[in-house]
Amino acid sequence: TRRNTKAAKRLLTRLLKKQGLAPKRMITDKLRSYGAAKRQVMPQIEHRSHKGLNNRAENSHVPLRKRERSMQGFRSPGSLQHFISIFSAFRNLFVPPRSQRSALG
């Protein structure tokens, strides 16, 4: 009941304020209220709502989820989150990103 045009309009205006400048295109799920709100808030922007287009955003969380799954046994989600926040920073120092790894080595 809360995912209506009014809520989508409020979300878009908040995102625009946070972003600073308007994007070239907007990718959302198939909820119709996003299109209606976009027409009111930023009519000049291209809007795409297709099933597979937001996969990039969904897949960006995969490494974190993988680590959470492998590190079961924590007593609380807070301690897991604390460990992962430190571990991520530590890991970035010692494990090179995939784009910098050689296919040979």
Report, ordered by the first and then the second residue, all pairs with beta carbons closer than 7 Å, sequence separation of six or more or different chains, a first member in the range 73-95 that is closer than 17 Å to residue 62 by Cα, and a second member that is among the basic types (Lys, Arg) and surrounded by 12 or more Cβ atoms within 10 Å (Cβ to Cβ). 84/67
Residue 96 vs. criteria in a helix (DSSP H, G or I) and at pLDDT below 75: no
Could you list, in sequence order, the residues of the range 65-88 that are surrounded by 12 or more Cβ atoms within 10 Å (Cβ to Cβ) and modelled with pLDDT under 75? 67, 68, 71
Go through (1) modelled with pLDDT of 75 or more; (2) surrounded by 12 or more Cβ atoms within 10 Å (Cβ to Cβ); (3) closer than 22 Å to residue 21 by Cα; (4) within 20 Å of the chain's Cα centre (by Cα) and name the single condition residue 54 misses. (1)
Output the residues belonging to the range 1-19 that are under 18 Å from the mean Cα position of the chain (by Cα), farther than 15 Å from residue 39 by Cβ and either of a type in the set (Val, Ile, Thr) or exposed (fewer than 12 other Cβ atoms within 10 Å of the Cβ) (or both). 14, 17, 18, 19
Long-range neighbours under 8 Å by Cβ, at least six apart or interchain, first residue under 14 Å from residue 5 (Cα atoms) within the range 19-41, second hydrophobic (A, V, I, L, M, F, W, C) and assigned to a loop (DSSP other than H, G, I, E, B): 38/45
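The values are calculated or read from the model by the stated rules, or taken from the named source; none is laboratory data. Keep in mind the model is a prediction, meaning the values are calculated, not measured. Neighbour counts are summed over all protein chains in view; Cβ atoms, including those assigned to glycine, are modelled from backbone coordinates with ideal geometry.
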